[in-house]
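Trainee: Structure provided below as structure tokens; questions to follow.
The values are calculated or read from the model by the stated rules, or taken from the named source; none is laboratory data. None of the values given here were measured: they were computed from a predicted structure. Note that we place each Cβ from the backbone using ideal geometry, even for glycine, and neighbour counts take in every protein chain shown.
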Amino acid sequence: MSENNNSTCNEKAFDQFFKSHSKLLRNYLYYKFGDLDQAEDIVQDAFIKLWSNCAKVPLDKAKSYVYTIATNLGISITRHQKVKFKYQDYVIQRNTDVNNESPEFIALEKEYMEKLKNAIAALPERQREVFLLSRIDKKTYKEIAELSNVSVKAIEKLMHKALVTLRKKIGNI
Amino acid sequence: MLNDKKDDIFLSRWVNGELSKEELSEFQSHPEYQHYVKIMAGADALDLKNYDIEKELSKLKSKRRDNKSGSIIKLWPYFAAAASIAIILGLFLFTPNKSFSTHYGEKLIVILPDGSEMTLNAKSVASFNKDDWDKNRAVKLEGEAFFKVKKGSKFTVITDNGKVSVLGTQFNVHSQSYLFEVNCFEGKVSVINNENKEILTAGNAYRNLGKTSEKWTFSTSTPSWLTNTSSFRSIPIRYVFKELEEQYNIQIKEEGLNLGYKYTGTFPNDNIQVALKTVFSTLGIEYSLSEDGKTVVLEK
């Protein structure tokens, strides 16, 4: 029963770990599976599992552990019910970023944003995941690559594809 | 560039600002450029419903608690050796404020709500609040106890002589009238009394006796009393007598003896004859045990 601040079983270390990783995990699960409430439930379940196995999972492995657990949970849930990507109520608009646009843009904005959100919802899962991790969570390609265990190059390709797909979907508005 | 089938990461590089000057100005004059700028502006304006991390964490903690079912009592191997003494297992189930006490010669193992263990030595009293335990791991103690604390939030032992705080470790606290002694067996503990604040690491002990404090090191891994031996290190004999009285439920009639005399040594807790002989012969004191075995009279 040695006191070890770096153990996952150490409550402080665990809390700290939850605080620094739960939000991104929740967003990641949402982009992947399309339901934000469900994503938050999965986060809870994954971290409970981590806690009950804390002795077996060292802190430096804990991140990939919760991502694996959570992704598997998400897959087993969505296998039974095909979830359509839900963006209403979940995706909101930051007010600040678009303000310095031209008046025409602002007039167009509402309609445009709806279209954009629809287009994002219709993206293939992997493209949507990469696109939103980059745009909403401001993650670098390298960070995104680490999350899903693929190369940076693969992420760059997906990002490029996502933009091309969106461009096609939105058309000339 | 944009339509170049070979450059399948062109837009990614653009988003990251990695295009060369020429590439960028070429892209900017392309009819598609404005559309992509717009997509990016729109996407960058998106955000998600807020995630309340603190709320989610406390939700997690309450679920974690529900998942735990009852307390499991474990008897540690070395207690098997102590078969001669009644070991009573304390179970706490109903009232929030739990109190445990031991009589002469008794030991008591108490499993605290988080699974931490407290072993009370003879003639000791300990209490804690069960309902408040998650927020405040605190035990009030009079007498002597050995603790094995599960990792977690701060764990405090409160005595009249001072406080001992730890995060997760094994330590022994002995507190009675003027004596306050703490031995740390694992991890780190902090000891606070009126005069001092001491940090003890494994193998270190602290004692406050009236006005004097001292620290020393030791090499045992558990307190000797767990294996039925009381041991003393340079301590006034009044405390040795008190321990004899508590272990054997006897009264020692000491008349005109200097109780400040220092004693270093051990005595067994399961054989009164050996115990008395060990203590008094080293002190060079003649003694006799009354017929009912309740009183020891000392002769100078």
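Trainee: So is B:Asn121 in contact with a helix residue (DSSP H, G or I) (Cβ under 6 Å, 6 or more places away or on another chain) and not aromatic (Phe, Trp, Tyr) or not? Write out each step before concluding.
Mentor: Details: in contact with a helix residue (DSSP H, G or I) (Cβ under 6 Å, 6 or more places away or on another chain): yes; not aromatic (Phe, Trp, Tyr): yes.
Yes; evaluated as a whole, the condition is true for this residue.
Trainee: Among the numbered conditions (1) surrounded by fewer than 19 Cβ atoms within 10 Å (Cβ to Cβ); (2) hydroxyl-bearing (Ser, Thr, Tyr); (3) modelled with pLDDT of 85 or more, tell me where B:Tyr206 comes up short.
Mentor: Status for B:Tyr206: all satisfied but (1).
Trainee: Right, another one. Please give the number of the condition B:Asn258 fails out of (1) modelled with pLDDT under 85; (2) surrounded by 15 or more Cβ atoms within 10 Å (Cβ to Cβ); (3) not in a helix (DSSP H, G or I).
Mentor: (2)
Trainee: A further question follows. Tell me whether the range A:13-23 contains one or more residues that are under 30 Å from B:Ala41 (Cα atoms) and at pLDDT below 90.
Mentor: Keep residues of the range A:13-23 that are under 30 Å from B:Ala41 (Cα atoms), which gives A:19-23.
Narrowing further to those that are at pLDDT below 90: none.
No: the range A:13-23 contains no residue that is under 30 Å from B:Ala41 (Cα atoms) and at pLDDT below 90.
Trainee: Take the residues in the range B:139-198 that are among the hydrophobic types (A, V, I, L, M, F, W, C) and touching a residue at least 40 places away in the same chain (Cβ under 8 Å); name whichever of them is nearest to B:Ser230 (Cα to Cα). So that I can check it myself, show each step before the final result.
Mentor: Step one: of the range B:139-198, the residues among the hydrophobic types (A, V, I, L, M, F, W, C) are B:139, B:141, B:145-147, B:149, B:155, B:157-158, B:164, B:166-167, B:171, B:173, B:179-180, B:182, B:184-185, B:189, B:191-192.
Of the ones still in play, those that are also touching a residue at least 40 places away in the same chain (Cβ under 8 Å) are B:146, B:179.
Numbers: B:Phe146: 13, B:Leu179: 15 Å.
Of everything passing the filter in the range B:139-198, B:Phe146 is nearest to B:Ser230 (Cα to Cα).
Trainee: So if I check each of A:Asn95, A:Asn100, A:Asn149, A:Asn72, which one is more than 14 Å from chain B (Cβ to nearest Cβ) and modelled with pLDDT under 90?
Mentor: Details: A:Asn95 fails: more than 14 Å from chain B (Cβ to nearest Cβ); A:Asn100 fails: more than 14 Å from chain B (Cβ to nearest Cβ); A:Asn72 fails: modelled with pLDDT under 90.
Among A:Asn95, A:Asn100, A:Asn149, A:Asn72, only A:Asn149 is more than 14 Å from chain B (Cβ to nearest Cβ) and modelled with pLDDT under 90.
Trainee: While we're here: Would you confirm, using the coordinates I've provided, whether B:Thr212 is of a type in the set (Val, Ile, Thr) and at pLDDT below 85? Before the answer, list the steps.
Mentor: Numbers: of a type in the set (Val, Ile, Thr): yes; at pLDDT below 85: yes.
Yes.
Trainee: Among the residues of the range B:230-242, write down those that are outside any strand (DSSP E or B) and in contact (Cβ under 8 Å) with a residue 40 or more places away in the chain.
Mentor: Here is the first cut: in the range B:230-242, the residues outside any strand (DSSP E or B) are B:237-242.
Hits for the range B:230-242 are B:Ile237, B:Tyr239, B:Lys242.
Trainee: In addition: Could you run through the range B:101-123 and say how many residues are in a strand (DSSP E or B) and more than 16 Å from B:Val173 (Cα to Cα)? Let's see the steps before the verdict.
Mentor: Of the range B:101-123, the ones in a strand (DSSP E or B) are B:101, B:107-111, B:117-120.
After this cut, where a residue has to be more than 16 Å from B:Val173 (Cα to Cα) as well, the list is B:111.
Of the residues in the range B:101-123, 1 are in a strand (DSSP E or B) and more than 16 Å from B:Val173 (Cα to Cα).
Trainee: Just one of B:Ala275, B:Ala205 is part of a helix (DSSP H, G or I), among the hydrophobic types (A, V, I, L, M, F, W, C) and either more than 19 Å from the chain's Cα centre (by Cα) or under 19 Å from B:Ala145 (Cα atoms) (or both); which is it? Full working, then the answer.
Mentor: Details: B:Ala205 fails: part of a helix (DSSP H, G or I).
The conditions single out B:Ala275.
Trainee: Among the listed residues B:Lys59, B:Lys38, B:Lys49, B:Lys63, which satisfies the condition of being surrounded by 12 or more Cβ atoms within 10 Å (Cβ to Cβ), modelled with pLDDT under 90 and under 30 Å from B:Phe147 (Cβ atoms)?
Mentor: Numbers: B:Lys59 fails: under 30 Å from B:Phe147 (Cβ atoms); B:Lys38 fails: under 30 Å from B:Phe147 (Cβ atoms); B:Lys49 fails: under 30 Å from B:Phe147 (Cβ atoms).
Sole residue among the options that is surrounded by 12 or more Cβ atoms within 10 Å (Cβ to Cβ), modelled with pLDDT under 90 and under 30 Å from B:Phe147 (Cβ atoms): B:Lys63.
Trainee: While we're here: Specify the residue that is surrounded by the fewest Cβ atoms within 10 Å (Cβ to Cβ); the eligible residues are those in the range A:111-137 that are free of Cβ contacts under 8 Å to residues at least 24 places away in the same chain and within 9 Å of chain B (Cβ to nearest Cβ). Please lay out each step first, then the result.
Mentor: Start the filter on the range A:111-137 by keeping residues that are free of Cβ contacts under 8 Å to residues at least 24 places away in the same chain, which leaves A:113-114, A:135.
Restricting the remaining residues to those that are within 9 Å of chain B (Cβ to nearest Cβ) gives A:113, A:135.
Details: A:Met113: 17, A:Arg135: 21.
Top of the filtered list is A:Met113.
Trainee: Sticking with this structure for a sec: Only one of these is modelled with pLDDT under 85 and either in a helix (DSSP H, G or I) or β-branched (Val, Ile, Thr) (or both): B:Phe79, B:Phe94. Name it.
Mentor: Details: B:Phe94 fails: either in a helix (DSSP H, G or I) or β-branched (Val, Ile, Thr) (or both).
From the options B:Phe79, B:Phe94, the qualifying one is B:Phe79.
Trainee: Which residues, counting only those in the range B:39-63, are at the interface with chain A (Cβ under 7 Å from one of its Cβ atoms), of a type outside the set (Asp, Glu) and assigned to a helix (DSSP H, G or I)? Steps first, please.
Mentor: Restricting attention to the range B:39-63, the residues satisfying the condition of being at the interface with chain A (Cβ under 7 Å from one of its Cβ atoms) are B:39, B:41-49, B:51, B:53, B:56-57, B:59-60, B:63.
Applying the additional criterion that residues be of a type outside the set (Asp, Glu) yields B:39, B:41-43, B:45-46, B:48-49, B:51, B:53, B:57, B:59-60, B:63.
Those that are at the interface with chain A (Cβ under 7 Å from one of its Cβ atoms), of a type outside the set (Asp, Glu) and assigned to a helix (DSSP H, G or I): B:Ile39, B:Ala41, B:Gly42, B:Ala43, B:Ile53, B:Leu57, B:Lys59, B:Leu60, B:Lys63.
Trainee: A further question on this structure: Anything in the range B:134-184 that is in a strand (DSSP E or B), within 14 Å of chain A (Cβ to nearest Cβ) and surrounded by 22 or more Cβ atoms within 10 Å (Cβ to Cβ)? List them, or say none. Explain how you work it out, then say what you get.
Mentor: Initially, the range B:134-184 is screened for residues in a strand (DSSP E or B), giving B:137-148, B:155-159, B:162-166, B:170-176, B:179-184.
Add one more test, that the residue is within 14 Å of chain A (Cβ to nearest Cβ), and what stays is B:137, B:146-148, B:155, B:165-166, B:170-171, B:184.
If the condition is that a residue be in a strand (DSSP E or B), within 14 Å of chain A (Cβ to nearest Cβ) and surrounded by 22 or more Cβ atoms within 10 Å (Cβ to Cβ), then B:Arg137, B:Phe146, B:Phe147, B:Phe155, B:Val166, B:Gln170, B:Phe171, B:Cys184 are the ones that fit.
Trainee: Moving on to the next point. Across the range A:134-154, which residue is nearest to A:Lys117 (Cα to Cα) among those that are more than 14 Å from the chain's Cα centre (by Cα) and aliphatic (A, V, I, L, M)? Before the answer, list the steps.
Mentor: Of the range A:134-154, the ones more than 14 Å from the chain's Cα centre (by Cα) are A:142, A:149-154.
Keeping just the survivors that are aliphatic (A, V, I, L, M) gives A:150, A:152, A:154.
Values: A:Val150: 26, A:Val152: 26, A:Ala154: 24 Å.
Taking the candidates together, the pick is A:Ala154.
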